[in-house]
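As structure tokens, the structure follows; a few thoughts come after it.
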Amino acid sequence: MENLAQIAMESVNFQAIMPSLVLCCFGMVLLLVSVFLERGRTAPICWLSIIGLVVTGIISINGWNDPQAGFAGGVVLDNFATFFNLTCLIAAGLTILMSDSYLHREGYPVAEYYPLILFTTAGAMWMASGTDLMTIFLGLEVLSVSLYVLAGFFRGQLRSNEAGLKYFFLGAFSTGFMLYGVALLYGVTGTTKVAGIAEAIRLMPDASSNPMIIAGAILLSIGFLFKIGAAPFHMWTPDVYQGAPTPITAFMSAGPKAAAFAAFMRVTYISLDSLQVDMSAMFWVLAVLTMTIGNFVAIAQKDVKRMLAFSSISHAGYALVGMVAWNEVGFSGILFYMLVYTFMNIGAFAVLVLIGKQGEDNLTLDGMAGLGYKRPFLGVAMAIFLFSLMGLPPTAGFTGKFFIFAGALKAGYVWLAILGVLNSAVSLYYYLRVMVYMYFRDPVEDFSWVKMEMATIVSILIAIAGVLYLGVLPGPVMELAKLSIF
Amino acid sequence: MISVYHYMILSAILFAIGSFGVLTRKNMIVIFMCIELMLNSVNLTFIALSRHLGNMDGQIFVFFVMTVAAAEAAVGLALIIAFYRNKESIEVDDFRLLKW
Amino acid sequence: MLENYLPVLVLIGIAVAFAVGSVVMSGLIGMKKPSAVKLAPYECGMPLVGSARERFSVKFYIIAMLFILFDIEAVFLYPWAVMFKRLGMFGFVEMGVFIAILLVGFIYVWKKGALEWE
């Protein structure tokens, strides 16, 4: 009779969820504190949430090289999870830094914003450390539900409402597909554990022709592919990115995407290892499709936020190349690329946050005309981020793409690497066009409304430092990424 | 005799009805109900398989799906209300601002 | 085994036959002298007030949202209650933590004034 409690207690290991646990506690405490503060006072919550992120980061770093499994094998805090945790924490930190002045400018100084970001990050961390489809699903949903709210955060603004609702409906729709995939895999293998599924599939003689496994693997992939915004499940991305508050767009494009990649990699690399040939073939098509659609449609965009949304689709395509490669170089390349992408994309959005007018109707290419002269610092910062997004040396975008394409070449996918490089060449066009507007067009606006908010500048500086450091000295971090592969 | 296959077929049909509804309906509340139908058809699959395999994991999963669906319902309703307050409509055809 | 349920089946049959029969018979042989009052929907015998397709106050939605959230948590209480004795102190503490997390949400909702009707 007594052994039930014994079993339950032994399987619990709080070490394995310590970072996200701390983050959730911070989130809940901040939520409670926020109701007792007067309306409009968000600064204390903002700084406390930064402290929460830093504390969580320190705890995560302490867990490096000390893998902890817990909750009956549902969660594992290994190097892989830690690397992604830190990526998500950096994304959340940079986002929060640029948010406070933005919220006040837009007239929504609502303190719940920060706990919601913390909860999103905690969900992302569960996804990265989940080794059971159940925990991965829970992480995905904690992340998504908080993000639905954040995307529709400006509730009086029709654009934000629309973004939130679109994200919500399509997100819930894709969750349905993913769950159906999980159910089918559970039906064949009798377990929802990532490793257990792998074991069961390996023992099956005709796994790659079993309809339930194929359907399950594809449906499960749909859920992840939706979250990372890969074509043909990318249609929500531009609308949601354009309509959501800019810092949230920045966060969405980095943290949650990294977490979705983490869970996707763990599931495909471990559970569906026996289906490598088929999965790789599928990813090959998806990667090419995603890169090409993202880049070519971005050319047609006039709104900079929307253009960056399509560029984020194409970057998801580059990262998918690492999934196709299915080797150590490709996988560590994805880890590295997600970190790089966090810095460069959030940096670019931080510049947009600063130059936006209240209501943000001016974030078009014309609105950026002459920025380079009127606001030299912002011009240079944006130029660095754009160079990095293009993938030019000595920025991090170059090294990130280099590692990923190297992985593809090593696995023998020469054509894929060539297509990837050609796509980067296409992307030069629309990134350079922003530069042309910034430096070679006469200013339409005088940018007199731009306030150089300290916290946002700090966030831009951190992002620049990250982009340049990872571009010039990628070695140490790349070593860490290599050590993170399970 | 009703076997696990019947349940699987039933839930597949329900799932298809739900996804068809999401794709064709205009009213947000109805779309949302269709999504719930999809989730519940998945729940049915889980429970039938759990019973068939004699393993509790599927039923535990259903608990989580149910709670998550409730959380999604709350957030979804809140978003719909916010949209309605601004636009006086709950038709998806009124999503007009964000498109290419 | 199944034969034990035969009386129930018979009863269901009779009930359905009676209900359908009386509706059909009264439609067939009853007298029909419709008037505006007679055709109005029955509302406890009182005169009608407004249309039934009225819009509800948005407050109902907020209460409904909160209700869903707190209501569904009961789903975790059932299996816990069944296993309560075997889980002992450990289970009690776990559930205490769970309820405490819910309580945070409750305090938040309360303080935000979402439970006040006005």
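What value, in deg cm²/dmol to 500, does the helix sum -39500 (n - 2.57) over DSSP H runs of n ≥ 4 give at 222 nm once divided by the residues of the protein assembly as shown?
-25500 deg cm²/dmol
Based on the Cβ-Cβ distance of B:Phe20 and B:His52, what FRET efficiency does E = 1/(1 + (r/R0)^6) give at R0 = 30 Å, to the nearest 0.05?
Working: r = 27 Å, r/R0 = 0.90.
So the FRET efficiency works out to roughly 0.65.
Give a residue-ordered list of calculated ³J(HN,Hα) values for the stretch C:9-17 (Karplus: 6.51 cos²θ - 1.76 cosθ + 1.60, θ = phi - 60°; whole Hz; x for Gly, Pro).
Coupling constants for the stretch C:9-17: 4, 4, 4, 4, x, 4, 4, 5, 4 Hz.
Once amide H atoms are placed 1.01 Å from N in the peptide plane, what residues at a sequence separation of 5 or more from A:Gln68, or on another chain, have their amide H within under 5 Å of its amide H?
It is A:Leu77, A:Asp78, by chain and number.
Among B:Gly54, B:Gly18, B:Gly76, determine the one that fluctuates most according to a GNM of chain B built with springs between C-alpha atoms less than 10 Å apart.
Between B:Gly54, B:Gly18, B:Gly76, it is B:Gly54 that shows the largest mean-square fluctuation.
How big is the gap, in Å, between the Cα center of the stretch B:1-49 and the Cα center of the stretch A:103-176?
One Cα centre to the other: 25 Å.
Helix A:454-472 sits at what angle to the longest principal axis of chain A, using alpha carbons and giving 0 to 90 degrees rounded to 10?
The angle comes out at about 60 degrees.
Using a Förster distance of 41 Å, how high is the FRET efficiency between A:Val436 and B:Asn27, based on the Cβ-Cβ distance and rounded to 0.05?
Approximately 0.35, to the nearest 0.05.
Output ³J(HN,Hα) for the stretch A:207-217: one whole-Hz value per residue in order, computed from phi by the Karplus curve 6.51 cos²θ - 1.76 cosθ + 1.60 with θ = phi - 60°, and x for Gly and Pro.
4, 6, 10, 7, x, 5, 5, 4, 4, x, 5
Between 0 and 90 degrees, rounded to the nearest ten: what's the tilt of helix A:304-325 against the longest Cα principal axis of chain A?
Between the helix axis and the principal axis of chain A, the angle is about 30 degrees.
Going 7 Å from the Cα of A:Ala72 toward and past its Cβ, which residues in the stretch A:121-141 have a backbone nitrogen under 16 Å from where you end up?
Answer for this model: A:131-138.
Within a 10 angstrom radius of each residue's Cβ in A:7-19, how many Cβ atoms of other chains show up on average? Whole number is fine. Please report the intermediate quantities before stating the final value.
Working: counts 0, 7, 6, 0, 0, 2, 0, 0, 0, 0, 0, 0, 0.
Per residue, the number of nearby Cβ atoms from other chains is 1 on average.
So how tilted is helix B:57-87 from the main axis of chain B? Cα-based, degrees 0 to 90, rounded to 10.
10 degrees
For chain B, what does the relative contact order come out to in percent, with C-alpha contacts under 8 Å and a separation of six or more?
Across chain B, relative contact order equals 27 percent.
Assuming R0 = 22 Å, what is the FRET efficiency of A:Asn62 and A:Val29, from their Cβ-Cβ distance, to the nearest 0.05?
On the way: r = 22 Å, r/R0 = 0.98.
Computed FRET efficiency for A:Asn62 and A:Val29: 0.55.
Within 10 Å of each Cβ in A:186-193, how many Cβ atoms from other chains are there, averaged over the peptide?
Other-chain Cβ atoms within 10 Å of each residue's Cβ, averaged: 5.
What are the ³J(HN,Hα) couplings of the stretch A:22-32, residue after residue, when phi is run through the Karplus curve with 6.51, -1.76, 1.60 and θ = phi - 60°? Round to Hz, x for glycine and proline.
3J(HN,Hα) across the stretch A:22-32, in whole Hz: 4, 4, 5, 4, 4, x, 5, 4, 5, 4, 5.
How about A:Lys166: which lysines have a C-alpha closer than 19 Å to its C-alpha, ignoring those fewer than 8 places off in the same chain?
Qualifying lysines at Cα under 19 Å: A:Lys227, A:Lys257, A:Lys305, B:Lys26, B:Lys87, B:Lys99.
Give the average, rounded to an integer, of partner chain Cβ atoms located within 10 angstrom of each Cβ in A:234-246.
The shielding value for this peptide is 1.
No lab work stands behind these numbers, since they all come straight from the coordinates. As the structure is a computational prediction, the values presented were derived from the model and not from experiment. Virtual Cβ from ideal backbone geometry, glycine too; neighbours counted across all protein chains shown.
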